[in-house]
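The values are calculated or read from the model by the stated rules, or taken from the named source; none is laboratory data. Keep in mind the model is a prediction, meaning the values are calculated, not measured. Backbone-built Cβ (ideal geometry, glycine too); neighbour counts: all protein chains shown.
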Amino acid sequence: MTDSPGPSLFGDDASGGGYVVLARKYRPKTFADLIGQEAMVRTIANSFALNRVPHAYMLTGVRGVGKTTTARLLARALNYKRAGVDHPSVDLEIPGEHCQSIMESRHPDVFEMDAASRTGINDIREILDSVRYAPVMARYKVYIIDEVHMLSTQAFNGLLKTLEEPPPHVKFIFATTEIRKVPVTVLSRCQRFDLKRIDTERLVSHLETICEKEGVKVDADGLAMIARAAEGSARDGLSLLDQALVQKPGATVTAADVRDMLGLADRGRVLTLFEAIAAGDSRTAIHEARSQYDSGADPALILRDLLEVGHEAARAQALGADARIIGGADWVARVRGLSETLTPAQLSRLWQMLLKALEEAGRAPDPIAAVEMALVRLCAAQKLPPPEDAARMLREGGGAPASSRQQKESRQDAGGPSASATPPAGTPAVQGSQSLPDTPFKTFEDVTAAVAEERDIELELTLERLKVVRFSPHGEIVFVANESQPRDLVRQLKAFLEERTPFEWSIRASNEAAAPVESIAERRRREDERKLEELKRQPFVAEALKAFPGAEIVAVRDPPENKAGDVVAMPQQKPSAAAPRKKEAEQ
């Protein structure tokens, strides 16, 4: 295959009059040109070789990964024929008899329909009426339906019968970005391919190749910015490259040009901001964020860039020398420095708080104000003990922690951490520890009460039934697992607590408890029964029950207090025959 672009699929002729955008000019012409989809191509090639060709394909993936292009390549491959080759083939380097007409969208046996604009049963009926007839020229009639999830329920039902018993000369190729909206009955009758996002490194390489073919120059850092902004989409990457090339016609497009075009902050300054957060320096962090904003950086993109730095530092920490970090030598050295300075738990805590901040910035009337408030929280969190040190302090009752590395060395010298008794669920785990931050939740009952104040009835009822094995007011809850609990209970409770406390919470379910554990609801019910039994033993109560045959004590309530703390007399009520029904309702 030559370097000249040549004609692209379905009439995208780059050599004709007028400018052709890069996304069309460099659309893949063969399966070898598809980026990052090797597994799919291998499966298709093997099915052709074994003569196990499915009657329907389902292509799914995010925008711009090549679903429609792959569908059109499949139409060519299924009908490939040339001298010496008369069977389906993925080797399309040499054009076959039908390739040109399929590429130019004029082949009588290849039909393409956009389900986004033709969603009804009448549109599908046209297809169903034509599938009965044999192909005019090619081996198969091929129906390409793009955005198939947009079809109506009636249209899917009409299509289903043909998919169940397809004629041997018909092939369907469906493409969609919303695979969950496609009925399972349709999915089960298709061979499904999930087209992968293109990783940043491969997309950068692809963009470099196209720049060479176009005779233009873009800085490596600029191409990396474009690839990251494309989020795995080759088409988006080429569209952004098109936009970048007009920034400086005839000259090298710099990283600063791309940054201004995309509204991004300087990468080095983003790293400076992250380093200020890691050091807990809120003054520097706020000044830097405001400066980036004044220079044109979008507040949400500032947070996204911080998330990217945190992710790269975590990868460098986990993978060590094997971590591939895209950027200059100074960038790589600073990212690796962060990975050595921060612990895994600290990086995880920063990541979670940045994600929450990104969500808040999207809702806030003034996004930059939301960013600054997030920076205050992030810097304050860095002044707390690392989560692993806080957990050790809770277990050992120790004082203010040293660095994680020093703590590890001291524990090794001492022969390992000391054990402590597990505190009961409703009481604090550490008494009198002055180094830990204050928390409004001294017991699990405090947590449940706070949820009740927020009027989250469903979560409140769940917590009241929860059997808590261990509770620490500084970040740990262990409860007995139960199938009736909501699947997202941990996520809900973790988000609730971390919004109201300056540290990360460890919340998990346990299948076993060392001793029988009561829930708040069970404890409250037991206490009510005890009070009821005590009340029944009072002589005056027994006399009252005798005086009113059929009456029952339905509840025992403490009298309310007025603002001065005095007990207010409860209004007297005459027992009635409705008392037993009232008891049943309360139970």
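Across region 34-61, what is the total count of residues that are under 26 Å from Thr209 (Cβ atoms) and surrounded by 15 or more Cβ atoms within 10 Å (Cβ to Cβ)?
10
One line per residue, one yes/no per condition, for (1) hydroxyl-bearing (Ser, Thr, Tyr); (2) modelled with pLDDT of 90 or more:
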site	(1), (2)
Ala220	no, no
Arg228	no, no
Leu241	no, yes
Gln247	no, no
Thr252	yes, no
Ala256	no, no
Gly263	no, no
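Are any of the residues in region 104-111 at pLDDT below 85, part of a loop (DSSP other than H, G, I, E, B), under 34 Å from the mean Cα position of the chain (by Cα) and surrounded by 14 or more Cβ atoms within 10 Å (Cβ to Cβ)?
No, because not a single residue in region 104-111 is at pLDDT below 85, part of a loop (DSSP other than H, G, I, E, B), under 34 Å from the mean Cα position of the chain (by Cα) and surrounded by 14 or more Cβ atoms within 10 Å (Cβ to Cβ).
Let's see how each residue does on (1) over 21 Å from Gly64 (Cα atoms); (2) among the β-branched types (Val, Ile, Thr); (3) touching a Cys at 6+ places or on another chain (Cβ under 7 Å):
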{"residue": "Ser130", "(1), (2), (3)": "yes, no, no"}
{"residue": "Ala134", "(1), (2), (3)": "yes, no, no"}
{"residue": "Ala138", "(1), (2), (3)": "yes, no, no"}
{"residue": "Asn157", "(1), (2), (3)": "yes, no, no"}
{"residue": "Glu178", "(1), (2), (3)": "no, no, no"}
{"residue": "Val182", "(1), (2), (3)": "no, yes, no"}
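What are the pairs, 6+ residues apart or on separate chains, where a residue within region 186-213 that is part of a helix (DSSP H, G or I) has its Cβ under 6 Å from a residue that is acidic (Asp, Glu)?
Lys213/Asp3
Per-residue answers, yes or no, for (1) over 20 Å from Arg72 (Cβ atoms); (2) crowded, with 17+ Cβ neighbours inside 10 Å:
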{"residue": "Glu164", "(1), (2)": "yes, no"}
{"residue": "Cys190", "(1), (2)": "no, yes"}
{"residue": "Lys217", "(1), (2)": "yes, no"}
{"residue": "Ala227", "(1), (2)": "yes, yes"}
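Quick check: is even one residue across region 346-353 surrounded by 17 or more Cβ atoms within 10 Å (Cβ to Cβ) and among the small types (Gly, Ala, Ser)?
no
Collect the residues in region 62-83 that are buried (at least 20 other Cβ atoms within 10 Å of the Cβ), charged (D, E, K, R) and touching a residue at least 60 places away in the same chain (Cβ under 8 Å), keeping them in residue-number order.
Lys67, Arg72
Please determine, by comparing only the residues of region 114-130 that are in contact with a Ser or Thr (Cβ under 9 Å, 6 or more places away or on another chain) and part of a loop (DSSP other than H, G, I, E, B), which one is surrounded by the most Cβ atoms within 10 Å (Cβ to Cβ).
Per the stated criteria, the residue is Ala115.
Looking at (1) closer than 27 Å to Thr153 by Cβ; (2) modelled with pLDDT under 85, can you tell me which one Gly36 breaks?
(1)
Conditions tested, residue by residue: (1) in contact with a helix residue (DSSP H, G or I) (Cβ under 6 Å, 6 or more places away or on another chain); (2) among the small types (Gly, Ala, Ser).
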| residue | (1), (2) |
| --- | --- |
| Leu245 | no, no |
| Val258 | yes, no |
| Asp281 | no, no |
| Glu288 | yes, no |
| Gly296 | no, yes |
| Asp305 | yes, no |
| Ala329 | no, yes |
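What is the number of the single condition among (1) small (Gly, Ala, Ser); (2) modelled with pLDDT of 80 or more; (3) not in a helix (DSSP H, G or I) that Ser348 does not meet?
It is condition (3) that Ser348 fails.
If a residue has to be without any contact (Cβ under 8 Å) to a residue 60 or more places away in the chain and either in contact with a Lys or Arg (Cβ under 6 Å, 6 or more places away or on another chain) or not hydrophobic (A, V, I, L, M, F, W, C) (or both) to count, how many in region 446-463 make the cut?
Adding up the residues that qualify gives 8.
Examine region 535-544 for a residue that is modelled with pLDDT of 75 or more, farther than 30 Å from Val376 by Cβ and among the polar types (S, T, N, Q), and state whether such a residue exists.
Scanning region 535-544, I find at least one residue that is modelled with pLDDT of 75 or more, farther than 30 Å from Val376 by Cβ and among the polar types (S, T, N, Q), so the answer is yes.
Could you list all residues from region 299-345 that are assigned to a helix (DSSP H, G or I) and at positive phi?
Residue satisfying the conditions is Gly320 alone.
Which condition number in (1) touching a strand residue (DSSP E or B) at 6+ places or on another chain (Cβ under 8 Å); (2) surrounded by fewer than 16 Cβ atoms within 10 Å (Cβ to Cβ); (3) of a type outside the set (D, E, K, R); (4) in the same structural domain as Lys25 (by TED's automatic domain parsing) is the one that Thr252 fails?
(4) is the only condition that Thr252 fails.
When Gly320 is evaluated against the numbered criteria (1) within 24 Å of Val376 (Cβ to Cβ); (2) modelled with pLDDT under 90; (3) surrounded by fewer than 16 Cβ atoms within 10 Å (Cβ to Cβ), which criterion, by number, is the only one it fails?
Among (1) within 24 Å of Val376 (Cβ to Cβ); (2) modelled with pLDDT under 90; (3) surrounded by fewer than 16 Cβ atoms within 10 Å (Cβ to Cβ), the lone unmet condition for Gly320 is (1).
Exactly one of (1) basic (Lys, Arg); (2) within 21 Å of Arg349 (Cβ to Cβ); (3) surrounded by 14 or more Cβ atoms within 10 Å (Cβ to Cβ) is unmet by Lys467. Its number?
Looking at each condition in turn, Lys467 falls short on (2).
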